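The values are calculated or read from the model by the stated rules, or taken from the named source; none is laboratory data. Fair warning: this is a prediction, and the values are worked out from it, not measured in the lab. Using ideal geometry, Cβ is built from the backbone for each residue, glycine included, and neighbour counts are taken over all protein chains shown. Note: accessible area is taken over every heavy atom of the protein model, side chains too, but ligands, DNA and RNA are not part of it. Shrake-Rupley method; radii C 1.70, N 1.55, O 1.52, S 1.80 Å.
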Amino acid sequence: MLKLHNLSKVYRTDEVETAALNSVNIEIESGEFVAIMGPSGCGKSTLLNIIGMLDSPSSGDYIFMGENVAPYGEAKLSNIRKQHIGFIFQSFNLIDELSVEENIELALLYHNIPASERRERVAHVMDKVGIAHRAKHMPSQLSGGQQQRVAVARAVVGDQAMILADEPTGNLDSAHGQEVMEMLQSLNEEGTTIVMVTHSPAHADYARRTINLFDGHVVTENLRAAV
Amino acid sequence: MFQNYINVALRNLFKNKLYSAINIIGLAVGLAACIMIMLFVRDELSYDRFWSKADNIYRLNTTFNPPGREPFVTVMAQGPTKHALKTYFPEEVEHVTRFNSMRVVMQKEQDVFSEILMWTDPETVDIFDFDVVAGDLRRTLNDNASLAINETFARKYFGEEDAIGQTLTLSVYSLKRDYRIGAVYKDLPHNTVLEFQGMAMIDEKDFVDQEWEFTQWFSVNNYVYFTLKPGVSVETINQRLDGFTNQFIEIPDAALGGQSSDYIHYSTQPITDIQLDPAGARDGEMKATGDMATVITFSAIAGLILVIACINFMNLATAKSTQRAREVALRKVLGAKRRQLVTQFLGESVLIALIGLVFGVVLVEVMLPSFGGFVDKELTFNYLDPLTISILLGLVAIVGVLGGVYPALILSGFRPAYVLKANKSSESTGSARLRNVLVVMQFAISIALIVSTGVVYGQKVYATNMDPGFNKENLIVVRNTGRSGAIDKRDAFKEQVARLPGVKSVAFSSDAPASGNESNNTVRVPSEEGERSVLIGSHRIDYEFFDTYEIPMLAGRAYSREYALDVSPNGFAAEEGALLQSNLIVNEGAVRRFGFASPQDAIGKIVKMGVGNGRQAEFTIIGVIPDTKFQSVREVMRPEMYFLAPYGFNNLNVRYEGNPTEVVGRIEALWKSMITEVPFAYDYVDDVMAEEFVREENQSILLAIFAGLAVVIACLGLYGLASFTAERRTKEIGIRKVMGASVFDIVRLLLWQFSKPVLLANLIAWPIAIWGMLTWLENFPYRIEAWVLLPLCLVAGVIALTIAWATVGGNAARVARSNPIDALRYE
Ligand SMILES: Nc1ncnc2c1ncn2[C@@H]1O[C@H](COP(=O)(O)OP(=O)(O)OP(=O)(O)O)[C@@H](O)[C@H]1O
Ligand SMILES: [Mg+2]
């Protein structure tokens, strides 16, 4: 699915240069469930953002579905991103002014999909994540777990091949956290590639492979024996 | 405590530079517009209040009610009214004086000049106060060979020399006399309706041959002012004016029937009411007067601009209030009471308004001279005037409170627990909705102003380009050909002008286009019940007139030298009882008024009228021309007759081709070689006609400026709101971008948000502007068609939308281009 080769990311501010990622080499196969772990500030989010094409690497190659996207500009990246990648954030990032339905529909809005089909697909994923009875509610009327379910629904409604999740359970209690993990797992079983950043070893266990980052380097990669 | 508020207020001001700048600039411009218009309005209201007898000076106005025509109002009266008022109202009227302005040829040693001077009665000194700097005004006005002049005139002709005792030789009509300068007075202030540069005493004996000037009851040539004796109310005069008319005036034409007061009606007008006559500015004043409608319109526009600025103030303050929620919450936790908070925020907005006022005053200082030039006034801004100061401080208080009260109430109403706990300070939908309403209002005002500007300008263009029924291009009028000194040579002059290269055709006429002169004759027309009398306007022309003006004949023929009867008879040269006969050309309007079926039908018909000296003549209609707007393009076309008569030929009309300056140069050289006693004066006919619309032109320029200001201030506010909204929506925009929205999608989203209020504003502004402008257009008999307003509205809407987009677009693009993870990272 994707391959990072000697990939580095350096943040420059006026005074300091931070090397958030340092010659990272990672390969992720289609259909994998990968967890990324590591101490705070080690570059997990940076890595995920680059994989998600929200940010560009400073050097190195990023081959996504056989194409080196590292030199691409924003418009091109945005096009690839909206076709193939869905996002789930720690803080849900739903739009406060839109209802549950509309928040999910947002992911289809920029895809030239007719309204009737959009409605169908939104209804379908809402059923799937069990939030259909809340369709007309506003995000502020939902619990954290419910909000994250909406975010999951939004991430998959466009039939994205890969979902990137940055600490999806970080703001949830353990029961709700588990619920989300189970949802991700079943998505993975249906064939979706999942890359997830987490601080919880228990949640990392859902993944088949764990990548440990430290200070911008990949330290270890653990492969969990297939169940 | 207070110190703390001031600190916070100032720090807030500096911290939010954009916000402060928008408010201060907007308020400064709004207040500056208000101050300038206030000065203008105060000046208009101050007219003629400085006379010591201001409350007791009245003018006699005359209204003619010709049968079958609109009443014809003049601001003058006949010469004999002066004596008649004194005899009819001996117990009531104290002093009466006349002003009659005449153009004189003035000789100072070898040089000749043409000037306009005022002939007046000695009582002028008893009614009006003059600031005499040299000589004795009362003695001067009691001497028919003395002249009183103002300082400007004295400086113009005598420089630094002492003017008193110097002589100027004046000629007017047959009068030619050496006048001694007997008094010099300070120029009258600008805020009076009186205007003249010099005064000479009216000695009626000097004008016995020109009885229409002072001694005849059928010509209105004098401004007649009077004062009342102590304790007399002007009402007692008003009630008896019809009796006055009937006692002194006999109806000129017995055939009309009825009383004199049915045809002539006098009215009195306090001098302080003249400048802003509620009935609208009248023609024939000594100088153009103001106009109540203009004063009201200007005040309204100034108010609206200030409203727009205040709206910015309110909008940005409420928008920002959410960002200050934390400060408020903390103050509350620390024990601040709601009232204290309200005071604090009101204080802050009054502070901003005060700073806006300071900048506004600076703006006024910079702009006042050009504004003054525009409204043709010397306006000064007096800071020490208590009225001005209190109005300004009042404005600041109103603006400050208006702008501050809503955000103050909202902010002070926040519940601290809620604010401190929620990590975002989401806005109440109420204040967002109020903000939208206010933005809609701002743009509605701006759009209405743009539409009005377009209509006023369009009407001006339409009126100046309207076909007047003759060819006004390449046509000049040479003036003064009827003055003594020119009159003897005018026929020879005409012949020679006709031979000049570049001159196609020349013709004399009594009047030139747009002169404003009215002469009317009572004409008797044969009808079923014998004879009918109708009043018809008249001009006197010579043979080449219709050719020169390129006016075609609708029926019949033009005047020709082959027919002796074409020349109008002169009653003074005719014998008693002779049957006078002549031919006549009239316009279509006259044909209708006479009651003939068509121009063809009118040919050969005979009408009768007086030709002076009590003699009557029969006129056979030989030609009909179409209706032309010769009299004025501002007024409805009137029925007119064109006599072939040399009497009063003051204008020589010249149709030329080629370079106008060369042609004029040749004519001027010719004039100077033939006529030395009268200065050469000429006008281009199209210029003279365009001048009739100077007022509209100035109005449209001022409106355009005001509309521009309104739009600029409204856009400043929009810009502030847009940057605020973009800030508030960064997270949403980030999410949308992650979901695949392109920069274009985001820009479109933000533009649409701000297009909605502008579009709505159009829907509100259009009907109001259309209604207002249709009402305004009713002032003009010839006006642009109503449907023209629709495209104007569309254009105004597009302009407003484009400007709004331009304002918001840059910001939107910047926000749309920013990296979404920056917005989403820290949550
Ligand atoms: N826009 C930026 N500008 C400058 N430095 C940045 C920027 N974004 C991240 N960094 C720095 O890069 C490093 C990696 O940050 P990153 O957010 O990837 O860490 P993380 O592993 O996700 O940490 P956490 O577990 O706390 O989320 C940090 O040192 C951070 O300070
Ligand atoms: Mg992180």
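Taking each residue of B:235-242 in turn, how many C-beta atoms of other protein chains fall within 10 Å of its C-beta, and what is the average? Walk me through the numbers on the way to the answer.
Details: counts 0, 0, 0, 0, 0, 0, 0, 0.
The shielding value for this peptide is 0.
Classify the stretch B:103-219 as rounded, prolate or oblate, taking a ≥ b ≥ c as the square roots of the eigenvalues of its Cα gyration tensor: rounded when a/c is under 1.5, otherwise prolate if a/b is larger than b/c and oblate if not. Write out the running numbers ahead of the final one.
Details: a/c = 1.70, a/b = 1.19, b/c = 1.43.
Oblate, since a/c reaches 1.5 and b/c is not below a/b.
Residues of the stretch B:317-358 with amide nitrogen under 19 Å from the 7 Å Cα-to-Cβ point of B:Leu10?
Within reach of a label on B:Leu10: B:344-358.
Taking the Cα centre of the protein assembly as shown as the origin, how large is its charge dipole in debye, to the nearest 20, when only Lys and Arg (+1) and Asp and Glu (-1) carry charge on their Cβ atoms?
On the way: 95 positive and 119 negative charges, 906 e Å.
Value, rounded to 20: 4340 debye.
Taking all protein chains in place and a 1.4 Å probe, what share, in percent, of the accessible surface of the protein assembly as shown do carbon and sulfur account for?
Taking all protein chains in place, the protein assembly as shown shows 55 percent carbon and sulfur surface.
Residue separation times 0.36 nm, minus the C-alpha to C-alpha distance between B:Thr620 and B:Leu790: what's the value?
Working: separation 170, 0.36 × 170 = 61.20 nm, distance 4.96 nm.
Here the answer is 56.2 nm.
Between B:Thr215 and B:Glu531, what FRET efficiency comes out of the Förster formula 1/(1 + (r/R0)^6) with R0 = 35 Å and r the beta carbon distance, rounded to 0.05? Please report the intermediate quantities before stating the final value.
Working: r = 31 Å, r/R0 = 0.88.
Plugging the Cβ-Cβ distance into 1/(1 + (r/R0)^6) gives 0.70.
Provide the per-residue ³J(HN,Hα) series for the stretch A:192-202, in order, calculated from phi with Karplus coefficients 6.51, -1.76, 1.60 and θ = phi - 60°, each as a whole number of Hz, with x at glycine and proline positions.
Each residue's phi maps through the Karplus curve to give 7, 6, 10, 10, 10, 8, 8, 9, 9, x, 4 Hz.
Taking the Cα atoms only, what angle lies between the long axis of helix A:115-129 and the longest principal axis of chain A, rounded to 10 degrees?
That works out to roughly 80 degrees.
With 15 Å as the cut-off, how large is the P(r) tail for the stretch B:21-66, expressed as percent of Cα-Cα pairs? Show your work: numbers first, answer last.
Details: 704 of 1035 pairs.
Everything past 15 Å amounts to 68 percent.
Quick check: Cα centre of the stretch B:572-593 to Cα centre of the stretch B:652-724, how many Å?
Here the answer is 40 Å between Cα centres.
Which number comes out as Rg/Rh for chain B once both Rg and the Kirkwood Rh are worked out on C-alpha atoms? List each step's numbers first, then the result.
Values: Rg = 34.5 Å, Rh = 32.0 Å.
Ratio value, two decimals: 1.08.
Under a point spin-label approximation (7 Å from Cα along Cα-to-Cβ), what is the B:Val208-A:Gln178 distance to one decimal in nm?
13.1
What is the mean number of Cβ atoms from other protein chains located within 10 Å of the Cβ atom of each residue in peptide A:108-114, rounded to a whole number? Show your work: numbers first, answer last.
On the way: counts 2, 5, 7, 2, 0, 0, 0.
What the average comes to for A:108-114 is 2.
Tell me, what ³J(HN,Hα) does each residue in the stretch B:640-649 have, in order and in whole Hz, if you take phi through Karplus 6.51 cos²θ - 1.76 cosθ + 1.60 with θ = phi - 60° and put x for Gly and Pro?
9, 10, 10, 7, 8, 8, x, 5, x, 5
Run the paramagnetic zone check for B:Ala573: 7 angstrom along Cα to Cβ, then residues of the stretch B:628-669 with backbone nitrogen under 14 Å.
Inside the label zone: B:644-649.
Mind jotting down a quarter of the surface of the convex hull over the alpha carbons of the protein assembly as shown, in square nanometres, one decimal?
Details: hull surface 242.8 nm².
For the protein assembly as shown, averaging the hull's shadow over all directions gives 60.7 nm².
Describe numerically, in nm with one decimal, the distance between label points set 7 Å from Cα along Cα→Cβ at B:Lys337 and at B:Asn819.
Going from the B:Lys337 label point to the B:Asn819 one covers 5.2 nm.
Based on the mean of other beta carbon atoms within 10 Å per residue, what is the order of B:305-318, B:796-809, most packed first? Display every interim value, and only then the final one.
Working: B:305-318: 26.0, B:796-809: 19.1.
In decreasing order of mean packing, B:305-318, B:796-809 become B:305-318, B:796-809.
At 0.36 nm per residue, minus the direct Cα-Cα distance, what do B:Gln3 and B:Ser101 gain on full extension? Give it in nm, one decimal, please. It would help to have the intermediate numbers written out before the result.
Working: separation 98, 0.36 × 98 = 35.28 nm, distance 6.75 nm.
Between B:Gln3 and B:Ser101, full extension yields 28.5 nm more.
What size of dipole, in debye to the nearest 20, comes out for the stretch A:102-227 about its Cα centre when the only charges are +1 on Lys and Arg C-beta atoms and -1 on Asp and Glu C-beta atoms? Provide the component values of the computation, followed by the final result.
Values: 11 positive and 16 negative charges, 54 e Å.
In debye, rounded to 20, the stretch A:102-227 gives about 260.
Could you tell me the center-to-center distance, by alpha carbons, between the stretch B:339-354 and the stretch B:247-296 in angstrom?
54
Could you run the Karplus curve 6.51 cos²θ - 1.76 cosθ + 1.60 with θ = phi - 60° over the stretch A:23-29 and give me ³J(HN,Hα) per residue in whole Hz, x for Gly and Pro?
Residue by residue, the stretch A:23-29 yields 6, 8, 10, 9, 10, 10, 7 Hz.
Would you mind getting me the FRET efficiency between B:Leu774 and B:Ile398? Use the beta-carbon distance for r and R0 = 35 Å, nearest 0.05.
Values: r = 33 Å, r/R0 = 0.94.
So the FRET efficiency works out to roughly 0.60.
Averaging over all projection directions, find the projected area of the Cα convex hull of the stretch B:21-142 and quote it in nm² with one decimal place.
Details: hull surface 64.8 nm².
Approximately 16.2 nm², given one-decimal rounding.
Take each of the peptides A:90-97, B:712-719, average the number of other beta-carbon atoms within 10 Å over its residues, and list them starting from the highest.
Details: A:90-97: 19.8, B:712-719: 24.5.
Order by mean packing, descending: B:712-719, A:90-97.
Given the peptides A:195-206, B:572-583, arrange them by the average over their residues of other C-beta atoms within 10 Å, most packed first. Mind showing how you got there, number by number?
Numbers: A:195-206: 19.2, B:572-583: 12.4.
Those peptides, ordered most packed to least, come out A:195-206, B:572-583.
Between B:Asp376 and B:Lys672, what FRET efficiency comes out of the Förster formula 1/(1 + (r/R0)^6) with R0 = 22 Å and r the beta carbon distance, rounded to 0.05? All intermediate terms of the calculation are to be shown ahead of the outcome.
Working: r = 33 Å, r/R0 = 1.51.
Result of the calculation: an efficiency of 0.10.
Would you mind working out the accessible area per residue for the stretch B:503-656, using a 1.4 Å probe, and quoting it in Å²? Numbers along the way, then the final one.
Values: 6340 Å² over 154 residues.
Accessible area per residue, the stretch B:503-656: 41 Å².
Based on the Kirkwood radius over alpha-carbon pairs, what value in µm²/s does the Stokes-Einstein equation return for the translational diffusion coefficient of the stretch B:54-273 at 37 °C and 0.692 mPa s?
Working: Rh = 18.6 Å.
It comes out at roughly 176 µm²/s.
Expressed as a whole number of Å, what is the distance separating the alpha-carbon centroids of the stretch B:773-796 and the stretch B:84-132?
For the stretch B:84-132 versus the stretch B:773-796, the Cα centre distance is 45 Å.
Give the long-range amide H neighbours of A:Phe33: residues separated by 5 or more places, or on another chain, with amide H under 5 Å away, using H modelled in the peptide plane at 1.01 Å from N.
Under 5 Å from the amide H of A:Phe33: A:Ile194, A:Arg208, A:Arg209.
Within the stretch A:136-162, which residues have the backbone N less than 18 Å from the label spot 7 Å out from A:Ile80 along Cα→beta-carbon, could you tell me?
Residues A:160-162 fall inside that zone.
Roughly how big is the B-A contact, given as buried accessible area in Å² (both sides, 1.4 Å probe, nearest 100)? Could the numbers behind the result be given before it?
Numbers: alone 37690 and 11020 Å², together 46930 Å².
The B and A chains share an interface burying roughly 1800 Å².
Helix-only estimate, please: 222 nm mean residue ellipticity of chain B, summing -39500 (n - 2.57) across DSSP H runs of length 4 or more and dividing by its residues, to the nearest 500. Please list the in-between numbers first.
On the way: 27 runs with 400 residues, N = 827.
Taken over chain B, the calculation gives -16000 deg cm²/dmol.
Stretched out fully, how many nm does the piece from A:His5 to A:Val219 gain, at 0.36 nm a residue minus the Cα gap? Kindly include the intermediate steps, with their values, before the conclusion.
Values: separation 214, 0.36 × 214 = 77.04 nm, distance 1.53 nm.
Result: 75.5 nm gained on full extension.
Quick check on the protein assembly as shown: of the DSSP beta bridges with both residues there, what percent are antiparallel, nearest 5%? Can you show the working numbers first?
Working: 99 of 138 bridges.
Taking every DSSP beta bridge within the protein assembly as shown, about 70 percent pair in antiparallel fashion.
At 37 °C and 0.692 mPa s, what whole-number value in µm²/s does Stokes-Einstein give for the translational diffusion of chain A, with Rh from the Kirkwood sum over Cα pairs?
Roughly 182 µm²/s, to the nearest whole number.
Roughly how tilted is helix A:174-189, in degrees to the nearest 10 and between 0 and 90, from the longest Cα axis of chain A?
Roughly 80 degrees, rounded to the nearest 10.
Based on the alpha-carbon gyration tensor of the stretch B:459-602 and its eigenvalue square roots a ≥ b ≥ c, which shape applies: rounded if a/c is under 1.5, prolate if not and a/b is larger than b/c, or oblate?
Oblate shape, in that a/c is at least 1.5 and b/c is the bigger or equal ratio.
Taking 50 Å² as the minimum loss, tell me which residues in the stretch A:73-94 lose that much accessible area going from the chain by itself to the full protein complex (1.4 Å probe).
A:Glu74, A:Asn93
If one takes the longest principal axis of the Cα atoms in chain B, at what angle in degrees, from 0 to 90 and to the nearest 10, does the Cα axis of helix B:660-674 lie?
On a 0 to 90 degree scale, this one is about 40.
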